[in-house]
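Asks: The structure follows.
What follows is calculated from the coordinates using simple rules that are stated; it is not laboratory data. Remember, predicted model here, so these are calculated numbers, not experimental data. Every residue, glycine among them, receives a Cβ derived from its backbone with ideal geometry; neighbour counts consider all protein chains shown.
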Amino acid sequence: MTPEPAVDPSLGAAADVAARLGTDPERGLTAAEAARRLAADGPNSLRATPPTPAWRRLLAQLQDPLVYLLLVAVVIALVAWALEGRTGWPVDAIVIALVVLLNAALGFAQEARAANAVAALASMMAATSAVLRDGAPLRIPSDGLVRGDLLVLAEGDAVGADARLLRCAGLLVQEASLTGESEAVLKDPAPLAAPAPLADRLNMVFKGSAVAQGTGLAVVTATGMATEVGAIARMLEASPELPTPLQKEVARIGRVLGIAVVVIAVVIVATLLLLTEVRTPAVVFTVLLLGVSLAVAAVPEGLPAILSVVLAMGVQRMARRNAVVKTLSSVETLGSASVICTDKTGTLTRSEMTIERIVTASGETRVTGVGYAPDGAVELHGQPLADGPARAEAIVVLSGGSLAGNADLRQGAGGEWEIQGDATEAAFLVAERKLGVDERRQQRFERVVEVPFSSDRKMMSTVERDHEQDGAHVVVTKGAPDVLLKRCDSQRVGMAVVPLDDAARARVLADVDRLSSAALRTLAVAYRPLSEAEHPALAEGLEHRLIYAGTVGMIDPPRPEAAEAIAQARRAGIRVIMITGDHPRTAARIAADLGIIEPGGLALTGAELDGLDEAGFANAVRTVSVYARVAPAHKLRIVAALQADGSVVAMTGDGVNDAPALKAADIGVAMGQTGTEVTKEAAKMILADDNFATIVDAVREGRALFDNIRKFLRYLLSSNMGEVLTVFLGVVGAGVIGLGAGAGEELVLPLLATQILWINLITDSGPALAMGVDPQTEDVMARPPRKPDERAIDTPMLWGVVWTGLTMALATLATIDLYLPGGLIAGEGDLATARTAGFTVLVLAQLFNCFNARSETASAFRNLFVNRWLWGAIALSAGLQVAVVNVPPLNLAFGTAPLSLQQWAVCVAMASSVLWVGELRKAVVRVKQSFSPA
């Protein structure tokens, strides 16, 4: 049995922890024992969700209320075909089934494509770890680590498992993905006196973190799901995945249409049977077939396919903007987001420490430019720092800070700047390049001895050989200002060295307080030339009687594009909330710089949140926009409180600690470059460029997408309503318009079932799809977010649908009456010509309705020609209608008769009434809105 570690290995002595784990702290495990433990405990990997088989993913595309309705329509059509005697092909059933299969294939293909894009982001070489086994160093895949293994840590390594440090030298570990801390943590193997939060367990290293600097040896205490990352993964598994607002809305539409279809079919069939005295099998069959046709007409069977295509197009547009959307409906969800909760480090900030100010005896200079690219300057009073005391002092500070460090700054083959080592030390190198003295420093000094940084000393020193001073030695130290001040007795003023009196010390401490109050991390630099009698090897004993050079203030700067993105979000009525594990003062400073809060605003900490009751917590979430020093559980609770308050929440993040909140949010957005695999798995959208501004683009895309969805819903439903009312009113009022009387038939219908199906085929898909890509006709970011309870089909739209459908039906029936003898208008045509004319009017009316449906209130003539796809779809549909009316084989198939040019002109005029009535209705609506209170 594998030995068990202490409950909390950070509390025990390192040797005791190793003993409990049954490992030799010098030689590690034997290969045989490691193999046994691996077989017993399993691989050092997180529990992955089993991949869903392709057939299940395909079937999932059919799990939609609208699809269910279409499948029922297929069954009814097949039954009706069977009752007819199975003559010919069951055209209705085949066409509807093909639409269903096309929709499933589109959804399946698009989600597979998104999954492949996500896999491409995650593709990288398997992580490896250096270990000691049988006393020999070797590198193994990290998933082969077991408890008791000795991890050998070095700069640049990824920590493969949770481990207790046995010893280390200047070990700095970057734990931002776990704790949210932007700065690397200095590790110390000493046991802790009491249990501590994750970020304060200095004698532990954790899976998912990375070594920024130094070396260490640690014994593995937990692997796989038993690690801290595993604990977050378990929390992630427990978070339910909620349907998106669009999925809820489409499901609601499906339910409503389902009820409507049943009611329509029952009412129509019952009415026809009541009005028809003869109930021969032929009449019953005709009634049933018409009921099926009306059911098909009432359901926009193209809606699922059109919705999938439109969403897929939105996904592709987002992909071109570096956003990979894993589920189609997620694009629309972002469009309805009312709150964006975002991490700070790496999301709003560059994750690149930058020196912003240098304070010396001659005053304060500012360093422009951010990040690792040495673009910028050192300025005094807004002007480049000229030769003089201030420049001489700044050179000593920046060169001294660069000497007392181990980072490296280099330019890659593509021109990008990158660092190796600790980001804080790299900040000195970048600022030094901006001052233009780095090459001279490199040529002048040669390192002799190093005394590494430690948590006890809070400083680092090196002894350098100065080649410009005949090889004399100088000790250079950087560290906490209060620590260095105690070791200094003089200070640098220009080119001179003067005593450091009490007044000067007070000024230095005041400068440090001022920089800290601005949320800047402070570091001081001091130095001292050594006498010939002082041996360089005794470096630690030489850190006294130092010359204080100055203090720097540095910060992880915000991304420049993030401020503009946040401003756009606020203009769009979207609240941006920062949730971070960083220091509250730093969080508040960054939030103020980006415009999330006003300057001087405060951040609420995780400890303060824990002290609130439920009512206080809910009130805090409504009013506070910056949260600092929070744990993953806090993020989950904040997201849940926002959702309970009626907000649609988007959560962004890159660290493992963000993953549960990403999954619980309405839409989780992971960073593609810096995000962990756990985070990407939990998210519904991944930003390939880690750019917060891309989220705002996604919001804009989502809002425009929802507008377009409303457009084609308005078009489809009003057109289908026209078909249903045409048949219903035509049957009920057959005697009024001259249908049936003297026709020599038992039952005469205004439209044939095949004609209704044809109308759906040529007018639903093409024009509706073109409306789904309609360009933005207004500033969608100038209005507040859509409310969660706001329906895609609201009351004004519903009344518009009924009004438009009634107009279509009346125009169609009036045209039929025009060409039939008898009725309200005496005509001279036969039934085939009258029915063909009415059939054509209904098709053309729906094409005119394309322009009407683009807005609930704006005139159809506004931005009339911006959508060339819509014009193309209308032209194609009109051409097909001309063919079905004038091509003899199609006349036979669809029961049509050729129309003269004059009759075509009448049909166009009658159909255009939909456009003019719609314009009148919109004008009335606009007048009412102008008199309504704001």
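Asks: How large is ³J(HN,Hα), in whole Hz, for each residue of region 470-476 in order, when computed from phi with the Karplus curve 6.51 cos²θ - 1.76 cosθ + 1.60 and θ = phi - 60°, using x for Gly and Pro?
Replies: Each residue of region 470-476 in turn: 6, x, 5, 9, 9, 9, 10 Hz.
Asks: Amide H of Leu604 versus every other amide H placed in the peptide plane: which residues, excluding those fewer than 5 positions away on the same chain, fall under 5 Å?
Replies: Distant-sequence amide H within range of Leu604: Val626, Tyr627, Ala628.
Asks: So for each of 793-806, 880-893, 340-353, 540-553 I average, over its residues, the number of other beta carbons within 10 Å; can you give me the resulting order with the highest mean first? Walk me through the intermediate numbers first.
Replies: On the way: 793-806: 16.7, 880-893: 14.7, 340-353: 24.8, 540-553: 20.9.
Descending packing order for the listed peptides: 340-353, 540-553, 793-806, 880-893.
Asks: Could I ask something else about it? May I ask you to derive the FRET efficiency for Asp789 and Val866 from their Cβ-Cβ distance with R0 = 41 Å, giving the value to the nearest 0.05?
Replies: Working: r = 32 Å, r/R0 = 0.77.
It comes out at approximately 0.85.
Asks: Select from region 658-730 those GluC sites (Glu not before Pro) which occupy a DSSP coil region and have at most 15 other Cβ atoms within 10 Å, ordered by residue number. Walk me through the numbers before you get to the answer.
Replies: On the way: sites: Glu677, Glu681, Glu701, Glu723; in loops: none.
Hits after loop and neighbour filter: nothing returned.
Asks: What is the mean projected area of the alpha carbon convex hull for region 533-607, to one decimal in square nanometres? Numbers along the way, then the final one.
Replies: Numbers: hull surface 36.8 nm².
Projected area, direction-averaged: 9.2 nm².
Asks: So, in nm, how far is label Trp803 from label Ser859 when the simple model puts each one 7 Å beyond its Cα toward the Cβ?
Replies: Each label point is offset 7 Å from its Cα along the Cβ direction, giving 1.7 nm.
Asks: If amide hydrogens are placed 1.01 Å from N in the peptide plane, which non-local residues have theirs closer than 5 Å to the one on Ala212?
Replies: When sequence neighbours closer than 5 places are left aside, the close amide H contacts are Gly156, Leu172, Val173, Gln174.
Asks: Could you give the distance between the Cα centres of region 560-585 and region 598-651, to the whole Å?
Replies: 15 Å
Asks: Can I ask one more? Where nothing but the Cβ of Lys and Arg (+1) and of Asp and Glu (-1) is charged, how large is the charge dipole of region 358-555 around its Cα centre, in debye to the nearest 20?
Replies: Values: 22 positive and 30 negative charges, 71 e Å.
Charge dipole, region 358-555, about its Cα centre: 340 debye, nearest 20.
Asks: Efficiency by 1/(1 + (r/R0)^6): what FRET value for Leu138 and Ala413, r their Cβ-Cβ distance, R0 = 45 Å, to the nearest 0.05?
Replies: Details: r = 32 Å, r/R0 = 0.71.
My answer for the efficiency is 0.90.
Asks: Sticking with this structure for a sec: For Lys326, go through the lysines and keep the ones whose alpha-carbon is under 28 Å away, minus same-chain ones fewer than eight residues off.
Replies: Lys207, Lys248, Lys344, Lys635, Lys663, Lys680, Lys684, Lys711, Lys787
Asks: Can you sort Leu604, Leu334 so the residue with the fewest Cβ neighbours within 10 Å comes first? Spell out each step's value before the answer.
Replies: Numbers: Leu604 23, Leu334 30.
Lowest to highest Cβ neighbour count: Leu604, Leu334.
Asks: What's the local net charge at Leu876, with K and R +1, D and E -1, over the other residues with C-beta under 14 Å away?
Replies: Numbers: positive: Arg868; negative: Asp764.
Once all neighbours under 14 Å are counted, the net charge is 0.
Asks: Could I ask something else about it? Can you work out ³J(HN,Hα) from phi for every residue in region 856-869, in order, using Karplus 6.51 cos²θ - 1.76 cosθ + 1.60 and θ = phi - 60°, giving whole Hz and x for Gly and Pro?
Replies: 6, 10, 6, 4, 5, 8, 7, 6, 5, 10, 7, 10, 5, 5
Asks: Here's something else I'd like to know. Calculate, in nm to one decimal, what Ala231 and Thr215 gain on full extension: separation in residues at 0.36 nm each, minus their alpha carbon distance. Kindly include the intermediate steps, with their values, before the conclusion.
Replies: Numbers: separation 16, 0.36 × 16 = 5.76 nm, distance 2.69 nm.
Stretched out fully, the Ala231 to Thr215 stretch lengthens by 3.1 nm.
Asks: Which whole-number percent is the relative contact order of region 358-555 (Cα, under 8 Å, 6+ apart)? Display every interim value, and only then the final one.
Replies: Numbers: 394 pairs, mean separation 44.6, N = 198.
In percent, rounded to a whole number, it is 23.
Asks: Next up: For a label point 7 angstrom out from the Cα of Thr271 toward its Cβ, which stretches of region 715-739 have the backbone nitrogen within less than 16 Å?
Replies: Of the residues in region 715-739, 720-739 have backbone N under 16 Å from the label point off Thr271.
Asks: Using only the alpha-carbon atoms of region 358-555, report the extent along each of the three principal axes, biggest first, to the nearest angstrom.
Replies: 48, 38, 35
Asks: Need the full-extension length gain, Glu446 to Ala19, defined as separation in residues times 0.36 nm minus the C-alpha distance. One decimal, nm. Display every interim value, and only then the final one.
Replies: On the way: separation 427, 0.36 × 427 = 153.72 nm, distance 4.33 nm.
Between Glu446 and Ala19, full extension yields an extra 149.4 nm.
Asks: In region 533-575, with Lys and Arg counted as +1 and Asp and Glu as -1 at Cβ, which of these residues, Ala533, Ala569, Ile547, has the Cα nearest the positive end of the dipole, that is, farthest along it?
Replies: Of the candidates, Ala569 comes out farthest on the positive side.
Asks: Set the Förster radius R0 to 56 Å, insert the Cβ-Cβ distance between Arg585 and Val882 as r into 1/(1 + (r/R0)^6), and round the FRET efficiency to 0.05.
Replies: 0.15
Asks: Next question. Take every Cα pair under 8 Å in region 781-882 that's 6+ residues apart, average their separations, divide by the length, and report that relative contact order as a whole percent. Show your work: numbers first, answer last.
Replies: Numbers: 63 pairs, mean separation 18.5, N = 102.
Relative CO of region 781-882 lands at 18 percent.
Asks: In nm, to one decimal, how far is the modelled label at Lys458 from the one at Leu890, with both set 7 Å along Cα→Cβ?
Replies: So the two model labels end up 8.6 nm from each other.
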